[in-house]
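K.L.:
Once you've had a glance at the structure underneath, I'll fire off some questions.
Nothing in this text is a laboratory measurement; each read-out follows from the coordinates by a stated rule. What you see is a predicted model, and the numbers here were worked out from it, not measured in a lab. Counting neighbours? That spans all protein chains shown, and the Cβs are built from the backbone with ideal geometry, glycine included.
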Amino acid sequence: MTLDQLRYLVALAEEGNFTRAAARVYLTQPALSVQIRKLEGELGVRLFDRRKGEPTEAGRAAVAQARRVLEEVERLRALASGEAGLFRGPFRVGVIPTLAPYLLPRLLPRVAARYPDLEVSVREELTPGLLQGLLEGRLDAGLVGTEERVPGLVGLPLFSEQFLAYVSPGHPLYARESLHPLEIPLEDTWVLSEGHCFRDQVLSVCRPSLGRRKVEFQSGDLETLVLLVEEVGGLTLLPEVALWTLPRAKWAHLRPLSPPGAGRTVYLLLREGSLKAPLARALGDEARGVFRALREAAPGGGVMMGAEVGHDQA
């Protein structure tokens, strides 16, 4: 077998389609099929179910091992070229949806300026898919909003952010300067759809439902929840990072929670012993700097916000 065949196998597993995988590795579809069949012949097992468009059970094990082999090849190249070799080439990052639209537009330019030889690709995923991507080697790093204790993965805290209520002017709580979490009625609160960790965090904060709402809608996007508050009424909770895309004129709708404490810590995840660990940590440092800039631009210079996790904790 060849290293190229292992790369073809990984590409096929990730694309789930011979045509797309062939385009990705700059082969024709028949040529890719021939190479996969040669690899199957070498291993004496069927690796890819053509009918289902996915790896077989043996194929999934082979793909996982192929990723490890290819990572070791990259490690060898990095050793030969010195530390600078770690900061070039592909770098794959997963980010949860409640962080991606707020951090990435400011984080990616900083990373590109500092590491011009890096080829960054970002995938927006819910936490379970992101964890799986890290374990399978499809991702080199991840940014999540929950502490995850998963064998084989390392989690480093980057910063802590508080939740803020975004309240409709027509809601009785709009007149309050701050809100106690137990005063927030869940039946009036717009939340994300199931599968989002931010949804679970919000549900744990609000007062349990005492009644039913006239309109029931669950979104996968925080911006939609803001629009629902403005047009339909009620309220929602937002993480601090969401203030970046919120026009200053709308900050009048924000109410801090008092006593403070409802919020989340954002973590950087990476594989134990990963070749890309130094780069992943550098990404975490840049993300921390981006959040610090948000704090400084927040209402009152961040007076309504909580304290940042110290650099020494990471």
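K.L.:
Please state, to two decimals, what the Cα-based radius of gyration of the range 1-48 comes to when divided by 2.2 N^0.38 Å (N = residues).
P.N.:
Working it through for the range 1-48, the quotient is 0.99.
K.L.:
Here's something else I'd like to know. Rounded, prolate or oblate: which fits the range 160-261, taking a ≥ b ≥ c as square roots of the Cα gyration tensor eigenvalues, rounded meaning a/c under 1.5, else prolate when a/b beats b/c?
P.N.:
Here the range 160-261 falls in the rounded category.
K.L.:
In the range 96-181, which trypsin sites (Lys or Arg not before Pro) fall in coil by DSSP and have 16 or fewer other Cβ atoms within 10 Å?
P.N.:
149, 176
K.L.:
Can you give the calculated 222 nm mean residue ellipticity of the chain, where each DSSP H run of n ≥ 4 adds -39,500 (n - 2.57) and the sum is split over every residue, rounded to the nearest 500 deg cm²/dmol?
P.N.:
Rounded to the nearest 500, the figure is -13000 deg cm²/dmol.
K.L.:
Within the chain, what's the longest run with no GluC sites (Glu not before Pro) in a DSSP loop and at most 14 other beta-carbon atoms within 10 Å? Give the range, please.
P.N.:
Segment 1-146 is the longest.
K.L.:
Further question: Suppose we keep just the DSSP beta bridges with both residues in the range 160-261; what percent of those would be antiparallel, to 5?
P.N.:
Once the DSSP bridges in the range 160-261 are tallied, antiparallel ones form about 60 percent.
K.L.:
Please sort through the DSSP H helices of the chain and keep those with an alpha-carbon extent of at least 20 Å along the long axis and a Kyte-Doolittle average not below 0.0.
P.N.:
Within the chain the helices that satisfy the rule are 100-114.
K.L.:
Which one, 142, 273, 234, has the greatest fluctuation when you compute a Gaussian network model over the chain with C-alpha springs under 10 angstrom?
P.N.:
Result for the chain, Cα springs under 10 Å: 273 fluctuates most.
K.L.:
Which order do 180, 196, 171 fall in if you start with the one that has the fewest other Cβ atoms within 10 Å?
P.N.:
With the fewest neighbours first, 180, 196, 171 line up as 180, 171, 196.
K.L.:
At 0.890 mPa s and 25 °C, plugging the Kirkwood radius over alpha-carbon pairs of the chain into Stokes-Einstein gives what diffusion coefficient in µm²/s?
P.N.:
Answer, rounded: 113 µm²/s.
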